[in-house]
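Here the structure comes first, spelled out in structure tokens, and everything after it is commentary.
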Amino acid sequence: MATVNPRKPLEQRGRKLSIHVVTWNVASAAPPLDLSDLLQLNDQDLNLDMYVIGLQEKNCGIISLLNDTAFEDSWSSFFMDVLSPLGFIKVSCVRMLGLLLLVFSKHQHLPFIQILSTNSIPTGLFGYWGNKGGVNICLKLYGYYISIINCHLPPHMTNNDQRLEHFDRILEMQNFQGLDIPNILDHDLILWFGDMNFRIEDFGLHFVREAIKKQCYSDLWEKDQLSLAKKCDPLLREFQEGPLLFPPTYKFDKNSNNYDTSEKKRKPAWTDRILWRLRRKPQDDPHIPKLLAPYFSLSQRSYVSHMMYSISDHKPVTGTFDLEVGLRDINDYVSYIWVGDNQVFCSDRLNQVYINISDILETEEQFLLCYYSNNLRSVVGISKPFKIQPCAFMGADPPKEDQPQN
């Protein structure tokens with residue numbers, strides 16, 4: 001158990017979190033034996049705080065769906081088995097047919113993550129079938145609203161307009177009515193990723209493959225459908241993306257690093273993407289004085305593909321981000337004063353915690369009472385804010401076990 005002082009010195013009123021985002025169209029394959037590279041487990045300096053993992057075309061056959069209804073699906077179990085020994089706990093999950101979205105967090109952040117909503121938006125077969133569409137997890141992280149969307153948009157070169165239409169539809173259908181959640185466009189951060197299926201226009205197959213071979217990716221960016229759409233669509237333009245410095249991630253022969261050698265010989269493309277959008281801050285308005293420092297910011301540390309994985313005709317893509325949050329509210333952050341077992345009094349009806357008066361600041365500020373579970377190794381309960389009047393306890397002895405308690 002612990003008392004909590006929500007106040008910290010000015011220079012400590014902030015926190016930086018490292019978030020690793022994964023998107024992968026797994027083409028109904030089972031998890032491979034080793035995902036260390038994908039999850040960056042070999043990078044000792046990375047010190048990640050959260051994983052956000054989105055899969056597309058996860059096995060959605062009837063047997064698999066029935067199995068996953070009764071039990072944890074194989075991919076979720078695999079990620080939990082790998083990440084839980086490292087101190088990561090699955091905090092939310094949402095699935096729609098082949099789409100799967102998972103969020104993992106280090107246990108020390110759990111008290112400051114609130115899952116607000118999960119949502120599925122089918123767009124296949126006139127909006128009734130979930131083979132295409134998006135899944136969303138909306139949460140509050142250290143007091144900030146964050147929406148995470150994993151999507152699978154329509155395929156084929158000629159369906160670009162349909163892809164853009166589905167993009168807008170997924171965004172518009174993020175309804176939070178009755179949940180006291182702001183509109184998604186008012187969220188502090190939107191992380192949007194998945195198999196977006198955007199293709200490379202105009203250039204022929206031979207030119208594209210030669211450009212990839214020579215790593216002249218900039219020649220292909222000019223005809224990338226998503227890059228072209230961002231120039232015309234005001235809303236899409238608000239979504240940022242890191243530079244595409246890796247080869248196109250589709251389409252490969254399975255179990256190889258060779259681009260499609262089938263009769264169709266599909267043209268390579270960057271179908272697998274990670275985008276983000278930060279809410280416009282007050283300092284973006286020239287008529288409002290700028291703040292001394294950004295209260296919420298996101299920077300991308302890496303944006304790469306992982307060519308070593310060949311179970312699918314897509315290569316996975318990851319982005320690692322540093323999220324900096326400035327703390328503004330009593331519920332956003334707490335610091336702990338731990339109380340030993342000999343300072344806890346229990347009876348059949350009552351639990352009391354006795355704290356040395358010197359540990360309580362003589363202040364009118366608010367405090368919280370937290371419950372820490374040794375089994376879960378995290379805070380599992382937080383009281384509402386309350387005030388303590390230290391002078392009321394001065395000289396008072398703790399009640400004895402045989403005294404009645406109110």
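The table below lists the values:
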{"read-out": "Qualifying residue in region 237-244 (condition: open to solvent by less than 50 Å² (accessible area, probe 1.4 Å), out of contact with any strand residue (DSSP E or B) (no Cβ under 7 Å at 6 or more places or on another chain) and over 18 Å from residue 201 (Cβ atoms))", "value": "no"}
{"read-out": "Check on residue 329, exposed (fewer than 13 other Cβ atoms within 10 Å of the Cβ), within 28 Å of residue 17 (Cβ to Cβ) and modelled with pLDDT of 65 or more", "value": "yes"}
{"read-out": "Any hit, region 111-126, residues being in contact with a His (Cβ under 8 Å, 6 or more places away or on another chain) and modelled with pLDDT of 85 or more", "value": "yes"}
{"read-out": "So residue 252, is it within 29 Å of residue 59 (Cβ to Cβ), hydrophobic (A, V, I, L, M, F, W, C) and at pLDDT 95 or above", "value": "yes"}
{"read-out": "Output for region 99-117, where each listed residue is farther than 17 Å from residue 187 by Cβ and either open to solvent by 10 Å² or more (accessible area, probe 1.4 Å) or among the hydrophobic types (A, V, I, L, M, F, W, C) (or both)", "value": "99, 100, 102, 104, 106, 107, 108, 110, 111"}
{"read-out": "Qualifying residue in region 217-231 (condition: part of a loop (DSSP other than H, G, I, E, B) and open to solvent by less than 50 Å² (accessible area, probe 1.4 Å))", "value": "no"}
{"read-out": "Hey, residue 120 in contact with a Gly (Cβ under 8 Å, 6 or more places away or on another chain) and surrounded by fewer than 17 Cβ atoms within 10 Å (Cβ to Cβ) or not", "value": "yes"}
{"read-out": "Per-region count, region 153-179, residues free of Cβ contacts under 8 Å to residues at least 24 places away in the same chain and part of a loop (DSSP other than H, G, I, E, B)", "value": "2"}
{"read-out": "Which numbered condition residue 263 fails, given (1) in contact with a strand residue (DSSP E or B) (Cβ under 9 Å, 6 or more places away or on another chain); (2) assigned to a loop (DSSP other than H, G, I, E, B)", "value": "(1)"}
{"read-out": "Tally of residues being assigned to a helix (DSSP H, G or I) and surrounded by fewer than 16 Cβ atoms within 10 Å (Cβ to Cβ) across region 180-206", "value": "4"}
{"read-out": "Residue in region 44-53 that is among the aliphatic types (A, V, I, L, M), assigned to a loop (DSSP other than H, G, I, E, B) and modelled with pLDDT under 95 present", "value": "yes"}
{"read-out": "Residue within region 250-259 that is assigned to a strand (DSSP E or B), closer than 21 Å to residue 297 by Cβ and either out of contact with any strand residue (DSSP E or B) (no Cβ under 6 Å at 6 or more places or on another chain) or not hydrophobic (A, V, I, L, M, F, W, C) (or both) present", "value": "no"}
{"read-out": "Region 54-75 - residue that is modelled with pLDDT under 80 and charged (D, E, K, R) and, of those, least open to solvent (accessible area, probe 1.4 Å)", "value": "68"}
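Yes or no, residue by residue, for (1) at pLDDT 65 or above; (2) under 22 Å from the mean Cα position of the chain (by Cα); (3) not aromatic (Phe, Trp, Tyr):
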{"residue": "257", "(1), (2), (3)": "yes, no, yes"}
{"residue": "266", "(1), (2), (3)": "yes, no, yes"}
{"residue": "286", "(1), (2), (3)": "no, no, yes"}
{"residue": "295", "(1), (2), (3)": "yes, yes, no"}
{"residue": "305", "(1), (2), (3)": "yes, yes, yes"}
{"residue": "361", "(1), (2), (3)": "no, no, yes"}
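The values are calculated or read from the model by the stated rules, or taken from the named source; none is laboratory data. Fair warning: this is a prediction, and the values are worked out from it, not measured in the lab. All Cβ positions, even for glycine, are placed from backbone atoms using ideal geometry, and neighbour counts span all protein chains on display. Just so you know, the surface numbers come from the protein's heavy atoms only, side chains and all, with ligands and any DNA or RNA stripped out. Shrake-Rupley method; radii C 1.70, N 1.55, O 1.52, S 1.80 Å.
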